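Every read-out reported here was derived from the displayed coordinates using simple, explicitly stated rules and does not represent laboratory data. Note that the structure is a prediction, hence the values are computed from the model and not measured. Glycine also receives a Cβ, built like all others from the backbone with ideal geometry; neighbour counts cover every protein chain displayed.
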Amino acid sequence: MDLSAHVSPGLIREETFTVEDQHTAYHIGSGDERVLGTPWMISFMERVANRLVAGHLPDGYMSVGVHVDVEHLAATPVKARVRIRAEVLEVVKNRVHLSIEAWDEQEKIGEGSHWRSVVEKDRFMKRVLSKQ
């Protein structure tokens with residue numbers, strides 16, 4: 001499959017999430033306070049990037065995250081809304097490079113880049129199942 005026929009630079013997706021107690025650093029053990037934990041911020045970023053790429057793939061294909069490089073810039077309290085933006089920067093063979101950013105209601109709270117690899121679902125699952 002020629003991935004560049006389906007996914008191209010400039011594609012953008014934004015979604016908004018509400019920070020709940022289970023998303024806090026305290027709850028997941030990555031910190032002492034009830035603020036958005038970095039692992040959850042990254043999870044939200046990956047979720048939006050995945051949905052962006054998935055929306056442009058033909059049946060039988062999916063993307064998997066292979067690299068994340070993110071800086072968490074500011075703390076966000078419980079009940080705050082977080083807006084995540086993913087943008088395709090480039091397509092290299094079967095990989096998609098994205099810019100990922102996050103804002104709360106006051107400021108930018110995170111930024112970075114993310115690579116996703118596009119794979120055939122059946123082939124991917126066959127390899128996973130062979131490990132059982």
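Listing for the model above:
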item	result
Positive minus negative residues near residue 49 (Lys, Arg vs Asp, Glu; Cβ under 15 Å)	-1
Prolate/oblate/rounded call for region 9-129, Cα gyration tensor, a/c under 1.5 rounded	prolate
Magnitude of the charge dipole, the chain, Cβ model with Lys/Arg +1 and Asp/Glu -1, debye to 20	620
11 Å beta-carbon shell around residue 14, net charge (K/R +1, D/E -1)	+1
Linear extension gain, residue 99 paired with residue 21, 0.36 nm per residue minus alpha-carbon span	25.4 nm
Pairs of alpha carbons in region 70-112 whose separation is greater than 13 Å (percent)	57
The chain, helix-only ellipticity at 222 nm - DSSP H runs n ≥ 4, -39,500 (n - 2.57), divided by all residues, nearest 500	-6500 deg cm²/dmol
Within the chain, percent of DSSP bridges classed antiparallel, to nearest 5	100
In nm, spacing of pseudo-spin labels at residue 131 and residue 90 (7 Å Cα→C-beta vector)	2.9
Value of relative contact order over the chain, rounded to a whole percent, pairs C-alpha under 8 Å and six or more apart	29
Reach of residue 131 by Cα under 21 Å, taken over lysines that are not fewer than 8 positions away in the same chain	121
Long-range amide H partners of residue 37 with built H, under 5 Å	24, 25
Folded to 0 to 90 degrees: helix 38-54 orientation relative to the chain principal axis, Cα	30
Charge context of residue 127, other residues only, Cβ under 14 angstrom, K/R +1, D/E -1	+2
